[in-house]
Amino acid sequence: MLRFVTTRVLRAILTIWIAVTITFFLLRLLPADPTLLVVEGDMTPEMQAALREQYGLDKPLLVQYALYLGELLRGNLGVSFRQLVPVSEVLLDRLPWTLLLAGSAFVLTILIGIPLGVYAAVGRGKVIDKLVQVFGITANALFVPSIAIMLLVVFGSNLGWFPIGQAIDPDTRGLAAYLSLLHHLALPLFSLVLVQLGPYALTLRTNMLEVLGEDYIKSARSRGLTPRRTIWRHALRNAMLPALTLMGLQLGTLIGGAVLTETVFAYPGVGRLIYESVRQLDYPMLQGAFVLLAITVVLANLVTDMVSMVLNPRIRTS
Amino acid sequence: MNNGTRRLRALTAVVTAGVLALTGCGLNEGNGSTESEGGSTASSAQATLRIGTTTDVENFNPLQSLSKTDSWILNAMYPHLLRIDENAEKVPEAATGYSYEEDGKAVVFALDERFQWTDGTPLTAEDVKFSAEAIMQYKLGNVAAKLTWVESVEVRDENTVVFHLSQPYAPFAEGVGFWMPIVPAHVFSEAGDLSTFANDADWVGAGAYVLDSMTRGQRYTLKANPNYPHAPEGGAAVGTVEYVVYPDVNTMILALRNGDIDLMGTPVPASAAASLEGADGISLETVGSLGFAHLTYNVTKGALADQAVRQALSMVVDTKSIIATILQGEGQPMVGPISPIFAQFDNTDLDAYPFDPEGARELLEKAGYSDGDGDGVLDGLSFEMVCDQSNANLTRVAEVVREDAAEAGIQINLACVERNTFLARTRGGEYEIDLSQWGVFDNPMDQLRSTYLSSNPGGINYNLVQDAELDALVNDAALTVDEKEFVGKIQAIDAYVHDQALLTPLYVENFRFAYRSDRFEGFAPSPSDLLGMVTGYSLAQVTPVD
């Protein structure tokens, strides 16, 4: 078990290093120059040279990389090209919002996806099964920004049930602030859950169908266990394992979806920061955001692995 | 429930609680928000005007070059010597006027002594001198280029500042007066290196509104400056201006419809304007532009060096139809390179190139071009046209021009690419035809210097033209201080560039700004989306609807 944990942790560190390296070189290989975005017109060669020096872009690429890695190991993510403030400061401002949105979507998807998948499998061929399949396939094809705008138009503008964008009313305090937060969270959360839920429920349904045909399930039934106990205690436990792995992998998609969701809903998270920083080619900000997200996804997958290990005795003992 | 499920539920509960605790900790109580401690920005006015903006403030230091959305907020805080009125004319803001001495080599600004900073310190000539010298020292932003000829800045007295130039430059006062923000010397001189000064708290301004607090990612709150001298008698009726961030313009439109905001700072896209026309409580204000869309020909590339080819290309562009269909009528045609918004440089005597693809083909055949291989394209007349794909209007223009050019035997290959790639390509000269839109030219002289001088001082001579005659015309006009003579020389350059067909001007786009006319009225808009409805002066004139 110790070997399992050690291998996973080392693999996580390697993954983060690879993500950091790819991000660093990918940004610099873009056929664009961040200094050109600072002023439109009237950019003298001297001003451009001064900016390149200020941004540290005048040094050879490998030197820039070495300097960046050195600073990163010291926990310094650099200073934003455009905002002139430490990247870590901005990210810490934005991260809680993304954690709240993506974390809530992650949890809700599991809480709703499990019963949906289970009931579809148990009621195979029945109305519930067909509904889940149609929903799953449709949801899988949805495009986040389109759904987001549709939700805003229907529930925000036409019905007036939810606010149009933003994360909270900054004038509220205490309980009202928490209620405002939940009120603003509802639509972006719904749009993210909607697109995640389909694939998750379908995967769980397929796994459940496989598991329900296994001998040990039949054996459990023949021993007199109730169908309810057989399904929820024995079948689900085994059907959950691949679904858990899927959720770990889907976290990356969830974070990617958050970039679009946060932009449309004017939600002040890391996703929107990435959208804004791409437009400005703010390398330090983009690097910092991607490192942060890579760490988040890798850690979440690490946790998923650990949970799988707890649920699956074969992993524990191998 | 089995152990695994129980553990999973426990885990999700912990994650949810943790996230909520993280986000909710000190919810709305200083979390991510900054409040100014400096200055007295209190105002008796109660009205709050909410404006939609597309992005957070990137940089609060007005001396650095800034994004358009930054300038909406910072221009309201830090006054300029001159501002641009609704007719694109420069009129006094912090200066009461200017004059030239020493045959144009000394430019004298008289300051409006009523201006004072929000901490009670008067705005003086020392502040102007400090701002100009800081920009020159640190080479900050595009204003640095406008101060190229400044040898020294003299404080003649508390309210008079003199710029001594190495040579006369006709539009110096207008350019520097409009573009250079004035910062409080007593605050910024304490900030150390101004090229890295973030200026993100404790703001002291002298404009119509000054930042009071912000919640990054969401909202920026400005309070009216009770000492702003250009507000109506009794002070601005709008006491608080809030900028609310909506990165997606469709969401911003919904917020306006819903009454969450009162004004969209960004123009309404042509495709959405129709849906807002006639909407309850919403009005659209049409504002001109200080820039224009154009096709610019890289004369270093093959047949584009040939004047006849450039003229033929100008004849395959149907600007009237483009304005009618793509801009849905919200634009003005142009003839030469000087925009009709600068009425004093009237160039209506020039004959526009007619839209005539057949005539263009005849012109080319007369010039010796032929279709030797019978593929329908005149030999040597295949060009790549680059454009910024984020500009929906221009990508549509590109398609129209390509089809019309084919009729004249000219093949155009489109390369509409991502904006940053487009900028890198145009700066690197990697294009044959550049289809783009100038943002803001506040005066024709600066425009002509930047776009046509062989020395390419601003890096935007996208023709890459090296024309000694044109250089001489531009340099001569730049030295001319007499206004009438100056106008004549600018008109002559306009005619020369038009005849050379160095560019095909497409249109001056009208911007349409949407606002809640059931709540507010009295905006004083200025041309361009840089200024639009949201200048400090404009906001100070706004009154709530009873």
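The values are calculated or read from the model by the stated rules, or taken from the named source; none is laboratory data. From a predicted model like this one, the values you see are computed outputs, not experimental measurements. Every residue, glycine as well, gets a Cβ built from its backbone with ideal geometry; the counts of neighbours run over all protein chains shown.
Brief remarks follow.
- Being more than 30 Å from A:ASP33 (Cα to Cα), part of a helix (DSSP H, G or I) and aliphatic (A, V, I, L, M) is a condition met by at least one residue of segment A:279-298.
- The listed residue being within 13 Å of chain A (Cβ to nearest Cβ), charged (D, E, K, R) and over 30 Å from B:ALA408 (Cβ atoms), out of B:GLU233, B:GLU277, B:GLU242: B:GLU242
- Some residue of segment A:17-29 being of a type outside the set (Val, Ile, Thr), away from chain B (no Cβ under 12 Å), out of contact with any Gly (no Cβ under 6 Å at 6 or more places or on another chain) and not in a helix (DSSP H, G or I): no
- A:SER157 being in contact with a helix residue (DSSP H, G or I) (Cβ under 8 Å, 6 or more places away or on another chain), farther than 21 Å from B:TYR220 by Cα and more than 8 Å from chain B (Cβ to nearest Cβ): no
- Those residues of segment A:170-184 which are surrounded by 18 or more Cβ atoms within 10 Å (Cβ to Cβ), of a type in the set (A, V, I, L, M, F, W, C) and under 23 Å from the mean Cα position of the chain (by Cα), in sequence order: A:LEU181
- Checked against (1) buried (at least 19 other Cβ atoms within 10 Å of the Cβ); (2) away from chain B (no Cβ under 14 Å); (3) of a type in the set (S, T, N, Q), A:THR261 passes all but condition (2).
- Any hit, segment A:194-206, residues being within 14 Å of chain B (Cβ to nearest Cβ) and charged (D, E, K, R): no
- Identity of the residue in segment A:63-98, within 10 Å of another protein chain (Cβ to nearest Cβ) and aromatic (Phe, Trp, Tyr), that ends up surrounded by the most Cβ atoms within 10 Å (Cβ to Cβ): A:TRP97
- Residue check, B:GLU485 part of a helix (DSSP H, G or I), in contact (Cβ under 8 Å) with a residue 24 or more places away in the chain and not aromatic (Phe, Trp, Tyr): no
- Counting only strands (runs of 3 or more DSSP E) that fall entirely inside segment B:375-444 and contain at least 2 residues that are buried (at least 20 other Cβ atoms within 10 Å of the Cβ) and touching a helix residue (DSSP H, G or I) at 6+ places or on another chain (Cβ under 9 Å), the qualifying elements are B:382-388, B:433-437.
- Taking helices (runs of 4 or more DSSP H) as the structural unit, those lying wholly within segment A:85-167 and holding at least 1 residues that are in contact (Cβ under 8 Å) with a residue 24 or more places away in the chain and under 30 Å from B:ALA279 (Cβ atoms) correspond to A:144-151.
- Condition check for B:LYS105: surrounded by fewer than 22 Cβ atoms within 10 Å (Cβ to Cβ) and closer than 15 Å to B:VAL155 by Cα: no
- Restricting A:ALA167, A:ALA148 to residues that are within 15 Å of A:LEU254 (Cβ to Cβ) and either under 20 Å from the mean Cα position of the chain (by Cα) or within 14 Å of chain B (Cβ to nearest Cβ) (or both) narrows the list to A:ALA148.
- When the residues of segment B:194-225 are filtered to those that are of a type in the set (Ser, Thr, Tyr) and not in a loop (DSSP other than H, G, I, E, B), the one that is farthest from B:GLY239 (Cα to Cα) is B:THR215.
- Residue tally, condition within 14 Å of another protein chain (Cβ to nearest Cβ) and either touching a Leu at 6+ places or on another chain (Cβ under 6 Å) or of a type in the set (A, V, I, L, M, F, W, C) (or both), over segment B:197-211: 3
- Any chance A:LEU194 is touching a residue at least 24 places away in the same chain (Cβ under 8 Å) and surrounded by 21 or more Cβ atoms within 10 Å (Cβ to Cβ): no
- Listed conditions (1) within 14 Å of chain B (Cβ to nearest Cβ); (2) part of a helix (DSSP H, G or I) are all met by A:PRO268, apart from (2).
- Pick from segment B:445-460, criterion at pLDDT 90 or above and outside any helix (DSSP H, G or I), ranking: surrounded by the fewest Cβ atoms within 10 Å (Cβ to Cβ): B:SER454
Conditions tested, residue by residue: (1) closer than 30 Å to B:ASP379 by Cβ; (2) at pLDDT 95 or above.
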| position | (1), (2) |
| --- | --- |
| B:ASN258 | no, no |
| B:GLY278 | no, no |
| B:SER283 | no, yes |
| B:GLY288 | no, no |
| B:LEU304 | yes, yes |
| B:VAL316 | yes, yes |
| B:THR325 | no, no |
| B:GLN344 | no, no |
| B:PRO354 | yes, yes |
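- Among the criteria (1) at the interface with chain B (Cβ under 10 Å from one of its Cβ atoms); (2) outside any helix (DSSP H, G or I), the one A:TYR178 does not fulfil is (2).
- Screening B:PHE163 against (1) free of Cβ contacts under 8 Å to residues at least 60 places away in the same chain; (2) of a type in the set (Phe, Trp, Tyr); (3) in contact with an Asp or Glu (Cβ under 7 Å, 6 or more places away or on another chain) leaves a single unmet condition, (3).
- Taken across segment A:207-220, residues that are touching a Phe, Trp or Tyr at 6+ places or on another chain (Cβ under 6 Å) and either touching a residue at least 40 places away in the same chain (Cβ under 8 Å) or not in a helix (DSSP H, G or I) (or both) do not occur at all.
- Of residues in segment B:143-168 being buried (at least 22 other Cβ atoms within 10 Å of the Cβ) and within 14 Å of another protein chain (Cβ to nearest Cβ), the one nearest to B:SER67 (Cα to Cα): B:VAL143
- B:GLN491 surrounded by fewer than 22 Cβ atoms within 10 Å (Cβ to Cβ) and more than 28 Å from A:PRO45 (Cα to Cα): yes
- On the stretch given as segment A:51-62, residues that are closer than 19 Å to A:VAL20 by Cβ and crowded, with 16+ Cβ neighbours inside 10 Å total 3.
- From B:ALA208, B:ALA237, residue being surrounded by fewer than 24 Cβ atoms within 10 Å (Cβ to Cβ), over 30 Å from B:GLY488 (Cβ atoms) and of a type in the set (A, V, I, L, M, F, W, C): B:ALA237
- Against the list (1) touching a Phe, Trp or Tyr at 6+ places or on another chain (Cβ under 6 Å); (2) closer than 26 Å to A:LEU84 by Cα; (3) at pLDDT 95 or above, the condition B:SER131 fails is (1).
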